[in-house]
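Engineer: I'd like to ask you about the structure that follows.
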Amino acid sequence: MTNTLSILGSTGSIGRQTLDVAEQLGLNVAALTANSSVERVEAQVRKFRPRLAVMTDEAAARDLAVRLADTDTRVLGGPVALEEAAAAPEADTVVTAVVGMVGLKPTLAAIGGKKRIALANKETLVCAGEIVMDAAEKSGAEIIPVDSEHSAIFQCLQGCGNRREIRRLILTCSGGPFYGMSREEAGRKTRADALRHPNWTMGPKITVDCATLMNKGLEVIEAMRLYRLPLSQVDVAIHRQSIVHSLVEFRDGAVLAQLGTPDMRLPIRYAMTYPERGENPAEPLDLLNCPPLTFAEPDRETFPCLALAEEAAVRGGTACAVLNGANEAAVQLFLADQIGFYDIFHLTQKALETLPAVENPTLEEILEADHSAREIVSKEYSA
Ligand code: NDP
Ligand code: MG
């Protein structure tokens, strides 16, 4: 059970919901971090009184230091300070809620400090899952998933002592805002269309990933790393209602699922209270008044990013870091209205075709693959 938290990315969708849960559970906050949202961090610091606040953006850090001069909170700037926040000695749990591969080094710093990692930052596991999981196993740091599908699986696996009892995992997928459309229709969709998710309110990057289904591709890889399973044992089912958060099929044919209203505060809370469950003031799921639960095969033709991620998972090595780096760069361009919807797929595919997959990569090789993938995207875009 968590007592004191550090939150990396406290101003984002997951970060703010984590602070709600922290308040409800009466947890202490040791450190908060953000990139540049100075006003939000200032308000959070005044409310939660952490010892440390970090802004990755140096100018934002200087601004925050002036604003917080009347408090006891120390302010640091720059990406390395993120690692300091992750390793804050008084925190027993670190919530990794930054978006993107920037979460990798701080996650490793938290693992080095033997913290419980409440892991939302899936890009880290996609790029360097083996390194992260090995490091956690070695140090004894617990990794508790916050991503709703992986939390569901984690909950279904309580009491399962042997991974060989798992036949397959079934990740559910809402299908996103363009579900049921043809490739032609989806191709005309803009940033504003992609940012309208039917069931969840999230940060812009993951919302676009949900529209392309790259999010589900990243989650397939995340599940493979967390539970050390091959792609053949991780399936995806479209489930428009986002009520069944994922399922585990065991070798005797039993299927367990976790259900709930779509509210990230439940998996966040469970990552804090595990192995116990705490009181939750939210309205519980009303099975008698919820829409019929439906399941369908994903459309990998219209949403080719899912199959692309599955291909990268099979290639292994640095291929997943290339996939993720190229996708991050392409989504940034899409969010800046610089490229079209399918360009995200084409640019990511180009990076995967161009770069070799280095087997059993070191951390440096992973960072290099990420960098090269981003370079290919920016070169292709400006060509
Ligand atoms: P948001 O965009 O809402 O928040 C991102 C957070 O990261 C903000 O605090 C932001 O600070 C900070 N940040 C952004 N860029 C940097 C950087 N370069 N260096 C340091 N910090 C940075 O994202 P979400 O909360 O939606 O997602 C966070 C993570 O959780 C992602 O990996 C996502 O895939 C995962 N996740 C999210 C879910 C959701 O419901 N939102 C569900 C499942 C997983 P600032 O405000 O200053 O920009
Ligand atoms: Mg998810």
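Engineer: Can you compute the FRET efficiency between E58 and E301 using 1/(1 + (r/R0)^6), with r the Cβ-Cβ distance and R0 = 51 Å? Round to the nearest 0.05.
Structural biologist: So, using R0 = 51 Å, E works out to roughly 0.65.
Engineer: Once you wrap a convex hull around the alpha carbon atoms of the range 215-325, what is its projected area averaged over all directions, in nm²? Numbers along the way, then the final one.
Structural biologist: Details: hull surface 37.1 nm².
Projected over every direction and averaged, the Cα hull of the range 215-325 covers 9.3 nm².
Engineer: Report the net charge of residues surrounding A88, where surrounding means a beta-carbon distance below 12 angstrom and charges are Lys +1, Arg +1, Asp -1, Glu -1. It would help to have the intermediate numbers written out before the result.
Structural biologist: On the way: positive: R51, R74, K115; negative: E83, E84, E90, D92.
Within the 12 Å Cβ shell, the charges total -1.
Engineer: On to the next question. Which distance in Å, rounded to a whole number, links the C-alpha centroids of the range 13-72 and the range 183-204?
Structural biologist: 30 Å
Engineer: With the chain treated as a Gaussian network of Cα nodes joined by springs under 10 Å, which of E368, E249, E301 yields the largest mean-square fluctuation?
Structural biologist: Sorting by GNM fluctuation, first place goes to E301.
Engineer: Now, a different point. Can you tell me which of P281, P291, P50 moves the most in a GNM of the chain? Springs connect C-alpha atoms under 10 Å apart.
Structural biologist: In the Gaussian network model the winner is P281.
Engineer: For the range 241-383, what does the equivalent ellipsoid look like in terms of its semi-axes, each the square root of 5 times an eigenvalue of the Cα gyration tensor, given largest first in whole Å? Write out the running numbers ahead of the final one.
Structural biologist: Details: eigenvalues 262, 75, 60 Å².
Three semi-axes, in Å: 36, 19, 17.
Engineer: In angstroms, what radius of gyration and Dmax does the range 1-153 have, counting Cα atoms only?
Structural biologist: Radius of gyration, then largest Cα-Cα span, for the range 1-153: 14.3, 45 Å.
Engineer: How high is the relative contact order of the chain, given as a whole-number percent (alpha carbon pairs under 8 Å, six or more residues apart)? If you can, show how the numbers build up before the last one.
Structural biologist: Numbers: 742 pairs, mean separation 56.8, N = 383.
Relative contact order comes out at 15 percent.
Engineer: Only counting other Cβ atoms within 10 Å, I'd like C305, C290 sorted with the fewest neighbours first. Intermediate results must be reported in sequence, preceding the final value.
Structural biologist: Values: C305 25, C290 12.
Exposure proxy ranking, most exposed first: C290, C305.
Engineer: Which of S232, S10, S378, S151 has the fewest other C-beta atoms within 10 Å, and how do the rest follow up to the most?
Structural biologist: S232, S378, S151, S10
Engineer: Using Cβ counts within 10 Å as a stand-in for footprinting exposure, how do L104, L8 rank, fewest first?
Structural biologist: Numbers: L104 25, L8 30.
Fewest-to-most Cβ neighbours within 10 Å comes out as L104, L8.
Engineer: Tell me, what is a quarter of the convex hull surface for the C-alpha atoms of the range 175-254, in nm² with one decimal?
Structural biologist: Numbers: hull surface 25.7 nm².
Average of the hull's projected areas for the range 175-254 equals 6.4 nm².
Engineer: Can I ask one more? Identify the trypsin sites (Lys or Arg not before Pro) of the range 244-335 meeting these criteria: DSSP loop state and at most 16 other C-beta atoms within 10 Å of the C-beta. Can you show the working numbers first?
Structural biologist: Working: sites: R251, R265, R269, R277, R300, R315; in loops: R251, R277, R300.
Passing sites in the range 244-335 are R251, R277, R300.
Engineer: Next up: What value, in deg cm²/dmol to 500, does the helix sum -39500 (n - 2.57) over DSSP H runs of n ≥ 4 give at 222 nm once divided by the residues of the chain?
Structural biologist: The helix-only estimate for the chain comes to -14500 deg cm²/dmol at 222 nm.
Engineer: What residue among T107, L256, V126 has its Cα farthest toward the positive end of the dipole of the chain, where the charges are +1 on Lys, Arg and -1 on Asp, Glu, each on the Cβ?
Structural biologist: After comparing all options, I get L256.
Engineer: Kirkwood Rh over Cα pairs of the range 82-241 into Stokes-Einstein at 10 °C, 1.306 mPa s: D in µm²/s?
Structural biologist: Details: Rh = 16.8 Å.
Roughly 95 µm²/s, to the nearest whole number.
Engineer: Follow-up. Please list the three semi-axes, largest first and in whole Å, of the ellipsoid equivalent to the chain, using sqrt of 5 times the eigenvalues of its alpha carbon gyration tensor. Don't jump to the answer; show the numbers that get you there.
Structural biologist: On the way: eigenvalues 178, 135, 90 Å².
Taking √(5λ) for each Cα gyration eigenvalue gives 30, 26, 21 Å.
Engineer: Check which residues have an amide H placed less than 5 Å from V54's amide H, if you skip close sequence neighbours.
Structural biologist: Here L32, T33, A34, L76 satisfy the definition.
Engineer: Okay, moving on. Structure shown: which of K138/K205; K205/K379; K205/K350; K216/K350; K189/K216; K114/K205 lie over 27 Å apart, alpha-carbon to alpha-carbon? Spell out each step's value before the answer.
Structural biologist: Details: K138/K205 32 Å; K205/K379 21 Å; K205/K350 20 Å; K216/K350 20 Å; K189/K216 19 Å; K114/K205 29 Å.
In this structure, K138/K205; K114/K205 lie more than 27 Å apart at Cα.
Engineer: Given a 10 angstrom Cα cut-off, can you work out which residue in D286, D92, D63 is the most mobile in a GNM of the chain?
Structural biologist: Evaluated over the chain, the most mobile residue of the options is D286.
Read the figures in this text as sums done on the coordinates, not as results from a lab. Computed from a predicted structure; not experimentally measured. Quick reminder, even Gly has a Cβ in these numbers, built from the backbone with ideal geometry, and neighbours come from all protein chains shown.
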